[in-house]
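Written below as structure tokens is the structure these notes are about.
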Amino acid sequence: AGNLGYFEAMRLKLTDIVLNEAGPTPDSDPFVERVLDDFILDFYNRRILPFKNDECPPYIDTLVATWVKGYGSLWCTQQMTTRKCYDGRAVIGIGSTYPLDLLNAYYDPRCQVESVAILAAYTIWRSMQTLSDVGKVIQMMIINDNGAFEVPNVTIEKLERNFREYHDSLGNMFKYMSGMRGECYYEGALSINKRLQAQFAGFRQFIKAMIS
């Protein structure tokens, strides 16, 4: 989150220093945190703080995910701070409070990665519909022992259409329960949700096959 130019300037170097320290056990975490912290402090001191008094001062926040031989970690840098996300989820940027509330409400640590992928996309989509000045494109990458896999844009776009239908059905359900509309609205919402359940099942199967 922040200025794209700064992110492009730092991402390759940041990737290199993290990969050099990341390991397959928690023993590597202090080393990752140290190099991340050193890099962010140096980057801010040299590239960002000189412009702190500008009308719109630049900033850069990052999420850094690592996966080595079955052990994964998620790191967050915000301004000049670095922290490990021990609960496995984090949101950065100006509008982070709303999507974080959604994640906390819906996330279940027992879920498979395919279901978490749907939740991640839904959280971003809801945020884009609700907040101003946030990104307008959903991009998703999943990493595991088999590599890094980017979910195709066409698949994400299909999910977005499903989310729109889901929210329309929620609106109809509310209108029925509040007495504003008749039972046909309730039956229509149930029909849509059954079809969307099948659509989401197909997405989970696609993700499972892609990352296997």
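The values are calculated or read from the model by the stated rules, or taken from the named source; none is laboratory data. None of these values were measured; they are calculated from a predicted model. With ideal geometry, Cβ positions are generated from the backbone for all residues, glycine too; neighbour counts draw on all protein chains shown. Just the protein is used for accessible areas: all its heavy atoms, side chains included, with ligands, DNA and RNA removed. Shrake-Rupley method; radii C 1.70, N 1.55, O 1.52, S 1.80 Å.
Assess whether residue 8 counts as being of a type in the set (Asp, Glu), open to solvent by 20 Å² or more (accessible area, probe 1.4 Å) and within 21 Å of the chain's Cα centre (by Cα). Yes, satisfied. Close contacts from the range 89-111, counting a first residue that is under 29 Å from residue 3 (Cα atoms) and a second that is charged (D, E, K, R) and open to solvent by 60 Å² or more (accessible area, probe 1.4 Å), with Cβ to Cβ under 8 Å and a gap of 6+ residues or different chains, come to 94/133; 95/133. Filtering the range 54-75 to residues that are hydrophobic (A, V, I, L, M, F, W, C) and not in a strand (DSSP E or B) leaves only 56. Inside the range 115-135, can you point out the residues that are at negative phi and not in a helix (DSSP H, G or I)? Scanning the range 115-135 gives 131, 132, 134, 135. Return yes when residue 117 is under 26 Å from residue 210 (Cα atoms) and in contact with a helix residue (DSSP H, G or I) (Cβ under 6 Å, 6 or more places away or on another chain) and no when it is not. So residue 117 passes the test. The selection criterion, being farther than 25 Å from residue 124 by Cα and surrounded by 15 or more Cβ atoms within 10 Å (Cβ to Cβ), holds for residue 23. Restricting 138, 142, 156 to residues that are more than 16 Å from residue 206 (Cα to Cα) and either buried (at least 16 other Cβ atoms within 10 Å of the Cβ) or aromatic (Phe, Trp, Tyr) (or both) narrows the list to 138. Between 37, 61, the distinction of being touching a residue at least 40 places away in the same chain (Cβ under 8 Å) and open to solvent by 20 Å² or more (accessible area, probe 1.4 Å) belongs to 37 only. The lone criterion from (1) closer than 27 Å to residue 145 by Cβ; (2) open to solvent by 50 Å² or more (accessible area, probe 1.4 Å); (3) more than 18 Å from the chain's Cα centre (by Cα) left unmet by residue 89 is number (3). Applying the set (1) modelled with pLDDT under 90; (2) under 21 Å from the mean Cα position of the chain (by Cα) to residue 54 leaves exactly one unmet item: (2). How about the range 54-76: which of its residues are in contact with a strand residue (DSSP E or B) (Cβ under 9 Å, 6 or more places away or on another chain) and farther than 24 Å from residue 113 by Cβ? Listed by number, the residues that qualify are 58, 59, 60, 61.
Within the set 66, 15, 82, the sole residue that is of a type in the set (S, T, N, Q), open to solvent by less than 60 Å² (accessible area, probe 1.4 Å) and closer than 21 Å to residue 144 by Cα turns out to be 66. Restricting attention to the range 96-114, the residues being buried (at least 16 other Cβ atoms within 10 Å of the Cβ), in a helix (DSSP H, G or I) and out of contact with any helix residue (DSSP H, G or I) (no Cβ under 6 Å at 6 or more places or on another chain) number 1.
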